[in-house]
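The values are calculated or read from the model by the stated rules, or taken from the named source; none is laboratory data. Remember, predicted model here, so these are calculated numbers, not experimental data. With ideal geometry, Cβ positions are generated from the backbone for all residues, glycine too; neighbour counts draw on all protein chains shown.
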Amino acid sequence: MAAHSLLSTNLSATPPILSLSSSVSSRSRTTHFSLSKSLSLYRNPSRLSPILSALRNSSQSNSHTSGSDHKFSSALDSLFVLCTSVALSFALFVADVDSASAFVVNTPRKLQSDELATVRLFQENTPSVVYITNLAVRQDAFTLDVLEVPQGSGSGFVWDKQGHIVTNYHVIRGASDLNVTLADQSTYDAKVVGFDQDKDVAVLRVDAPKDKLRPIPVGASADLLVGQKVYAIGNPFGLDHTLTTGVISGLRREISSAATGRPIQDVIQTDAAINPGNSGGPLLDSSGSLIGVNTAIYSPSGASSGVGFSIPVDTVGGIVDQLVKFGKVTRPILGIKFAPDQSVEQIGVSGVLVLDAPANGPAGKAGLQPTKRDSYGRLILGDIITSVNGKKVSNGSDLYRILDQCKVGDKVTVEVLRGDHKEKIPVLLEPKADES
């Protein structure tokens, strides 16, 4: 009877279970256990009937023992019932935790609408951005073995399903081999389709499955406004894909090509962080469309200082089309070598001083006079170009800018200062010798 009474007391009392649930609640405020689940065993005695029956049989069998063993049996029964009660309570607690796990409520992270748009833009455009490794051949000084070692890296993006990758020319310059790593970390050997040193643009090609190639959506750069948001995706410092944000700080900037020094016009200036490794990566607008190719930063330390530059997509698009079709860019030239702008300024005139005009070049054929020395060693200045097609030429950048608007085969009127008078000379523009 004592054992049965003790078991009934331990099983029927609800405070231990309630206090257990309360202690769990105090430890984790975000987890709430259902009391209806915890008390279901007490409201449904049939679940406990096998245990109660076994304990009753044990109690009845113990009542027939001898008087000398009665006290020992009673103590053993009490200890057994106590252990059983503790084990049963623990089992109910564990079982209830498992059943209550379905009722745990996790508060979702709340993001603002602009944050959600940025997250979505990164997730949708990251598969289009690739990592490019520039490999160079080096000979070991001790073993004389020829090895390929990484000499640089940069970013790029998928242009089409044929496997064309667009990046900066300075990212691949001097490479013996190139590796392209896609967003899924698969790596492929890349071949150079063509490049334009003057505009710092290059096109590669990889033989990757089409289902792994996701072309980036191409936008326009003609209608950009200062102040609109932009996003740069790349692999700075060899890290995985990263996203930096900012605004357009300026338009129609001009920078010089790292390879040839030729000016690149209409460049986009942005304060989005652009660091080594971001070169060749895309600059996107808020809709996720390509508006530029990150190419350079203005910083003495080489790290982002809030002044980054991107080649506008309208310029890049025409170059890429020519490189894909012909493997080269056909750009017109005058066929001259001219003096540095500082030298002309020292003379006190404004224009481009012709140092050399090869006879087989467009300017030489048209009769432009180069700089030369007479029989006494005195320097005789050549023609000074002051305008082309009526557009004023004050320095070399002006001349390049005007020629960029022309095509091979165009006839332009070059006005020169020859001695103390001006002359107008028609010149037929031709492509570079290595592009013909």
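Cβ separations smaller than 8 Å between residues 6+ apart or across chains give no pair from the range 113-131 residues that are touching a residue at least 12 places away in the same chain (Cβ under 8 Å) to residues that are of a type in the set (A, V, I, L, M, F, W, C) and part of a helix (DSSP H, G or I).
Residues in the range 231-252 that are surrounded by fewer than 17 Cβ atoms within 10 Å (Cβ to Cβ) and either among the basic types (Lys, Arg) or in contact with a helix residue (DSSP H, G or I) (Cβ under 9 Å, 6 or more places away or on another chain) (or both): Arg252 alone.
Against the criterion of being surrounded by 15 or more Cβ atoms within 10 Å (Cβ to Cβ), under 15 Å from Tyr131 (Cα atoms) and not assigned by TED's automatic domain parsing to the domain that holds Ser128, Gly280 qualifies. Scanning the range 211-241 for residues that are within 30 Å of Thr330 (Cα to Cα) and free of Cβ contacts under 8 Å to residues at least 60 places away in the same chain yields a total of 2. Against the conditions (1) assigned by TED's automatic domain parsing to the domain that holds Ile268; (2) more than 30 Å from Ala202 (Cβ to Cβ), Asp314 satisfies every one except (2). Looking across the range 170-193, just one residue is on the phi > 0 side of the Ramachandran plot and not polar (S, T, N, Q), and that is Gly174. For Gly306, the conditions (1) among the small types (Gly, Ala, Ser); (2) at pLDDT below 90; (3) surrounded by 23 or more Cβ atoms within 10 Å (Cβ to Cβ) all hold with the exception of (3).
Okay, residues lined up against (1) under 30 Å from Val166 (Cα atoms); (2) outside the structural domain of Val166 (by TED's automatic domain parsing); (3) crowded, with 17+ Cβ neighbours inside 10 Å:
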residue: Glu345; (1), (2), (3): no, yes, no
residue: Gly377; (1), (2), (3): no, yes, no
residue: Leu399; (1), (2), (3): yes, yes, yes
residue: Leu403; (1), (2), (3): yes, yes, yes
residue: Leu417; (1), (2), (3): no, yes, yes
residue: Glu423; (1), (2), (3): no, yes, no
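Of the residues screened, Leu368 is not one that is outside the structural domain of Glu430 (by TED's automatic domain parsing), surrounded by 23 or more Cβ atoms within 10 Å (Cβ to Cβ) and either out of contact with any Pro (no Cβ under 6 Å at 6 or more places or on another chain) or among the charged types (D, E, K, R) (or both). Which count do you get for residues in the range 413-431 that are under 11 Å from Leu334 (Cβ atoms) and either of a type in the set (Gly, Ala, Ser) or modelled with pLDDT under 90 (or both)? Total satisfying the criteria: 1. Conditions first: (1) modelled with pLDDT of 90 or more; (2) in a strand (DSSP E or B). Arg214 passes all but one, so which condition is the exception? Here Arg214 meets the rest and fails (2). Across the range 170-177, not a single residue is classified as modelled with pLDDT of 90 or more and assigned to a strand (DSSP E or B).
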